[in-house]
Amino acid sequence: MWSWVLHRITGVAIFFFLLVHILDTALVRVSPEAYNAVIGTYQTPIMGLGEVALVGAIAYHAFNGIRIILIDLWKKGPTYQRAMFYIVIVVWVITMLAFVPRHLMNVFGH
């Protein structure tokens, strides 16, 4: 149940990020000054923390998506779905442990 809920939440969050990303990128055609102002707000430590959340959402959604594909297409997928969920969590934690320190050094190091 939790994997389903997290998959939906991360999917919606990624969708809204992409929507905002498309809109802010479109600003460059309307007003380059407005585009530069928006991009300037993205270079703050708060947005750096938001990027951590975004990468976490994308990574979980991708790993859990592979799990869902295996459940659907592999004959033994439903049998091992719980074990695969734990594998998704472990791989996600490893990915985040590799990403977060390096990213935060870049965010707070400047």
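Data for the structure
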item	result
Computed [θ] at 222 nm, helices only, for the chain once each DSSP H run of length n ≥ 4 contributes -39500 (n - 2.57)	-31000 deg cm²/dmol
Heavy-atom accessible area per residue - the chain, 1.4 Å, Å²	73
Label of the coordinate-derived value, Rg and Dmax of the Cα atoms in Å, listed as (1) 17.6, 56; (2) 12.5, 37; (3) 13.3, 38	(1)
Calculated diffusion of the range 63-110, Stokes-Einstein form, Kirkwood radius summed over Cα pairs, 4 °C and 1.567 mPa s, µm²/s	106
Solvent exposure ordering (accessible area, 1.4 Å, most first) of HIS103, HIS61	HIS61, HIS103
Within the accessible area of the chain (1.4 Å probe), percent carbon and sulfur	75
Peptides 83-95, 42-54 ordered by average Cβ neighbours within 10 Å, highest first	83-95, 42-54
DSSP loop trypsin sites (Lys or Arg not before Pro) with at most 12 other Cβ within 10 Å excluded, longest remaining stretch of the chain	1-74
Relative contact order %, the range 21-110, counting alpha carbon pairs below 8 Å whose residues are six or more apart	30
Alpha-carbon Rg with Dmax, taken over the range 30-76, Å	18.0, 56
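The values are calculated or read from the model by the stated rules, or taken from the named source; none is laboratory data. Bear in mind that the values here come from a model prediction, so they are computed numbers and not experimental data. We place every Cβ from the backbone using ideal geometry, glycine too, and count neighbours over all the protein chains shown. Protein only, heavy atoms only, side chains kept; ligands, DNA and RNA dropped before computing areas. Shrake-Rupley method; radii C 1.70, N 1.55, O 1.52, S 1.80 Å.
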